[in-house]
Amino acid sequence: MPVISVTRLHVRAWRHIPSVLAATMAAAWQARAAPGNLAVSVLSASCDTYWTRTVWQDEPAMMAYVRAGVHRRIMRHLLRWCDESSVVHWHDSVARLPAWDEAHRRLSDEGRHFPPPGAGLPPAFALPRRRFWRELRIR
C-alpha cells in the first residue's frame, strides 16, 4: 500500500537558508532516483519555510531512502539549521500527492514535531500558500 510522507522545516536563521535550500533540493533529487519513489514535490512556503511531499510504493522503500545517501547526511544538521521541524507518514489506497490543505491538516493533527507543542496543543503553522514559481514537482 502506498505511503505518503509530508515534512515541514522552518529555518532558524537567514544564514542557514542556502544550506537548507541546497539540502532540500539534494534530498528531493535523491528521492526521485530512489527505488520505490512514485512522486516528489518541494514547496518554498516562504523564504524560511520548506515543505516536502513524497509518495512511496511501500514503507520499506521510504525507510531505505531515509537511511541512505544525502538524506542521512543532512539529518545530522537539522538541529543547527532549523528551529522547527515536523513530519507525518500515512498509508493511502491511492498513490498520489495529497493537496497542500490535506498535507497541512495531517501534519498538524498527526505529525511528529520538534520542538513538541506545549500542553498537547497542535502546532500553530500556516497552511502553505502554493504559488507555481515556488513549487517543484520532480515526478
Q.
With the structure loaded, tell me whether Ser46 is closer than 18 Å to Leu107 by Cβ and exposed (fewer than 15 other Cβ atoms within 10 Å of the Cβ) or whether it fails that test.
A. yes
Q. Between a first residue in the range 86-105 that is more than 14 Å from Ala39 (Cβ to Cβ) and in contact (Cβ under 8 Å) with a residue 40 or more places away in the chain and a second residue that is of a type in the set (A, V, I, L, M) and part of a helix (DSSP H, G or I), which pairs have beta carbons less than 9 Å apart while being 6 or more apart in sequence or on different chains?
A. Ser86/Leu107; Val87/Leu107; Val88/Ala103; Val88/Leu107; His89/Met62
Q. How many of the residues making up the range 78-94 are surrounded by fewer than 13 Cβ atoms within 10 Å (Cβ to Cβ) and among the aliphatic types (A, V, I, L, M)?
A. 2
Q) Within the range 53-77, which residues are of a type outside the set (A, V, I, L, M, F, W, C) and either over 20 Å from Glu102 (Cα atoms) or surrounded by fewer than 20 Cβ atoms within 10 Å (Cβ to Cβ) (or both)? A) Gln57, Asp58, Glu59, Pro60, Tyr65, Arg67, Gly69, His71, Arg72, Arg73, Arg76, His77
Q | Count - residues of the range 29-42 that are buried (at least 21 other Cβ atoms within 10 Å of the Cβ) and either modelled with pLDDT under 95 or more than 19 Å from Met75 (Cβ to Cβ) (or both) | A | 2
Q: Name the single residue, out of those in the range 6-27 being buried (at least 20 other Cβ atoms within 10 Å of the Cβ) and among the small types (Gly, Ala, Ser), that is farthest from the chain's Cα centre (by Cα).
A: Ala23
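For the range 32-48, check the following and say yes or no: at least one residue is part of a helix (DSSP H, G or I) and touching a residue at least 12 places away in the same chain (Cβ under 8 Å).
So far as the range 32-48 goes, yes, one or more of its residues are part of a helix (DSSP H, G or I) and touching a residue at least 12 places away in the same chain (Cβ under 8 Å).
The values are calculated or read from the model by the stated rules, or taken from the named source; none is laboratory data. None of the values given here were measured: they were computed from a predicted structure. Note that each Cβ is placed from the backbone with ideal geometry, even for glycine, and that neighbours are counted across all protein chains shown.
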